[in-house]
1. Rounded to the nearest 500, what is the chain's calculated 222 nm mean residue ellipticity when only DSSP H runs of at least 4 contribute -39500 (n - 2.57) each, over all residues?
2. Considering the dipole of the chain built from charges on the beta carbon (Lys and Arg +1, Asp and Glu -1) around the Cα centre, which of Leu251, Tyr197, Val105 is farthest to its positive end?
3. Just to confirm a number: summing +1 for Lys and Arg and -1 for Asp and Glu over residues other than Ala196 whose beta-carbon lies under 14 angstrom from that of Ala196, what do you get?
4. Would you mind ranking Glu167, Glu245 by Cβ crowding within 10 Å, fewest neighbours first?
5. Would you mind ranking Leu183, Leu15 by Cβ crowding within 10 Å, fewest neighbours first?
6. Using Cα pairs closer than 8 Å and at least 6 residues apart in sequence, work out the relative contact order for the stretch 52-146, in percent.
7. Can you give the % of DSSP beta bridges in the chain that are antiparallel, to the nearest 5?
8. Express the relative contact order of the chain as a whole percentage, based on alpha carbon pairs under 8 Å and six or more residues apart in sequence.
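Please treat every number below as a calculation from the coordinates, not as lab data. Computed from a predicted model, the values in this text were never measured in an experiment. Positions of Cβ are backbone-derived with ideal geometry, glycine not excepted, and every protein chain shown enters the neighbour counts.
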Amino acid sequence: MAQVYDKVALIGLGLIASSMFWAIKRNGLAGEVRGYARSEKTRETAREIGLCDVVCDSVLEAVKDADLVVLCVPVGAMSAVAEEIAPALKAGATVSDVGSVKKAVVEAVGPHLPENVHFIPAHPVAGTEHSGPNSGFAELFENRPLLLTPDEKSDSQAVARLRALWEGTGALVEEMDAEHHDLVLAVTSHTPHLIAYTMVGVADDLQRVTDSEVIKYSAAGFRDFTRIAASDPTMWRDVFLSNKEATLEILGRFTEELFALQRAIRTGDGDHLFEYFTHTRAIRRGIIEAGQDTDAPDFGRVKK
Ligand code: NAP
């Protein structure tokens, strides 16, 4: 595959950045990739496993010649990182991010950046419950959506270049308005995570069901909840705090539907339950037809 950028800098070296690095290298998408993480420990690990061509001890050193800088830190850390790197950015460079929320990142990062750089937010809709520099793998983005949220002022050539990089990783790139992105993700990712956290918390609270019973009789539904509820606490705290409006709107809808199902169970309204479950089954089929999951039991997930 053709090289898209000469020099790329990845700031933050966790799951997403490490997956980006392995995908960029495997597909020859950049000449040199520099990386920076705030802790010495992560930088050391990165050096040990060959994560990034150069691991820098200073964030300014990492970004200074980069044609593309990607912020791969939790959403709550984006503003401080953007402020720190701003003076060292090369004129004409592109700054992007991989944050799970877009409007808050646009507001946090945009104001710090100089006029002569292109800011194009992005979100790879791909992940696992693992985090840190050892958790990445080159295939993470393959056939997964990658949402770019440029605005009307964005430079079309810079957007096309960033799109080419992500397409080179195997991602399915689409463009979306930042606010709409946050609403869509509140439905498809953020609220489901909150529900999983709650369900696992509830099981933990139930004194009548022992811990060993929960583990021993864990059916696929609950096991999937525990997998999701094992996701990084910092990342998810920041997601909810920065996508407050959309998450609360979807949670309100969720609560109403839950009450309706609760009533149907109490009043023995089997028709309501049957119709509801038939409708949700069709949504699942749609996801499989769109190639976003397999029909295999246990959702066919490859255990890493
Ligand atoms: P991760 O594995 O936990 O790695 C986060 C990295 O950010 C680490 O290198 C960490 O440095 C650094 N970091 C944390 N707090 C920081 C701070 N205050 N200042 C500077 N650096 C800081 O996280 P990840 O899963 O790759 O997530 C990174 C971004 O991708 C987040 O914005 C998240 O919303 C987004 N995202 C995640 C997923 C997912 O499923 N995980 C999916 C799509 C998008 P140290 O190691 O030195 O602590």
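1. -15000 deg cm²/dmol
2. Ranked along the dipole, the leading option is Tyr197.
3. After counting each charged neighbour, the total is -2.
4. With the sparsest Cβ surroundings first, the list reads Glu245, Glu167.
5. Leu183, Leu15
6. 25 percent
7. Working: 3 of 25 bridges.
Of all bridge pairs located within the chain, approximately 10 percent are antiparallel.
8. Values: 485 pairs, mean separation 48.1, N = 304.
Relative contact order, the chain: 16 percent.
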